[in-house]
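Notes follow the structure.
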Amino acid sequence: MHTSYKPVLSVACINGFLLKLIAILTMLIDHIGAVLYPDQMIFRYIGRIAFPIFVFLIVEGFYHTRNIRKYELRLLVFAFISEIPYDLAFNDAVLEFQSQNVFFTLFLGLLMMDLMKKVKEQHWKSILILVIFVVAAALLKTDYDAGGILLVYFFYRFRSQPIITYAALGGISLFIFGPVECWSLLAVIPLLLYNGERGFRQDGKIYGGRADGAGAVFIKYLFYVFYPAHLLILHFLSMNMQSRLSW
């Protein structure tokens with residue numbers, strides 16, 4: 001099912017590994033701001049870069065995966081693993097159901113693409129599937145909810161037409177997510193520089209794509225493990241800051 005990605009610019013120099021690192025770093029900055037420094041909006045502005053890149057990567061992962069079922073299961077398992085750390089970090093509760101972590105959004109997006117692939121060129125069925133998953137994300141209150149699913153759809157449906165994709169990103173950010181999310185358009189810069197390579201080169205070997213060994217496993221699970229781990233750390237840092245302020 002592999003379909004090669006064609007770089008947008010001839011000077012494209014960012015591979016999948018570096019793109020993932022940019023997404024993780026900007027997500028971390030965003031969450032530091034949200035949990036520890038909620039009054040400092042600069043953290044949140046920078047953090048808007050992360051989600052569009054993760055959406056892009058989930059679409060690329062869909063086209064490159066050798067086993068879609070394992071990919072879906074992995075996302076769903078880590079969605080449940082991450083829910084308590086997510087609730088602790090953002091709601092100071094072990095479990096609450098007013099919002100669910102981003103893994104649920106990415107899982108729904110991946111499942112949606114899987115079903116759309118099965119109906120192929122039957123556009124009315126694709127639209128029906130899109131509506132179902134948009135409603136599901138809204139009802140489940142996943143991170144970025146309906147707008148997140150719409151973004152996955154545009155990145156998937158117009159993968160070879162980046163102008164449409166980035167225009168959709170701007171429209172969804174402004175009219176669905178809100179004005180602050182317009183900072184997410186900064187994600188277009190690294191996306192334009194993506195060269196289509198999956199991992200990073202070291203001694204002539206590509207890790208994180210189809211390579212074997214510890215390097216490939218590390219890259220594959222980097223985000224999955226980092227997401228719940230950093231949320232737990234931020235929660236405990238927040239508790240420590242609050243205890244100091246109470247003295």
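Below are the figures for this structure:
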quantity	calculated
Pairs beyond 24 Å (Cα-Cα), from 120/220; 70/118; 6/220	120/220
Fraction of alpha-carbon pairs over 25 Å apart in the range 16-246 - percent	41 percent
Rg/Rg_globular for the range 27-149, with Rg_globular taken as 2.2 N^0.38 Å and Rg from C-alpha atoms	1.14
Mean separation of Cα contacts under 8 Å, 6 or more apart, over the residue count of the chain: relative contact order %	29 percent
Given charges at beta-carbon only (K, R positive; D, E negative), |dipole| of the chain in Debye	920 debye
Reachable lysines from residue 125, criterion Cα separation under 17 angstrom, eight or more residues apart if same chain	117
Partner aspartates and glutamates for residue 20 [C-alpha distance under 17 Å; skip if fewer than 8 residues away on the same chain]	30, 60, 197
Helix 214-246 axis, angle to the chain major axis (alpha carbon atoms, nearest 10°)	20 degrees
Helix 123-140 axis, angle to the chain major axis (alpha carbon atoms, nearest 10°)	10 degrees
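We did not get these values from a lab; they are worked out from the coordinates using the rules stated. Source: prediction; values computed, not measured. Cβ: placed from backbone, ideal geometry, glycine included. Neighbour counts: every protein chain shown.
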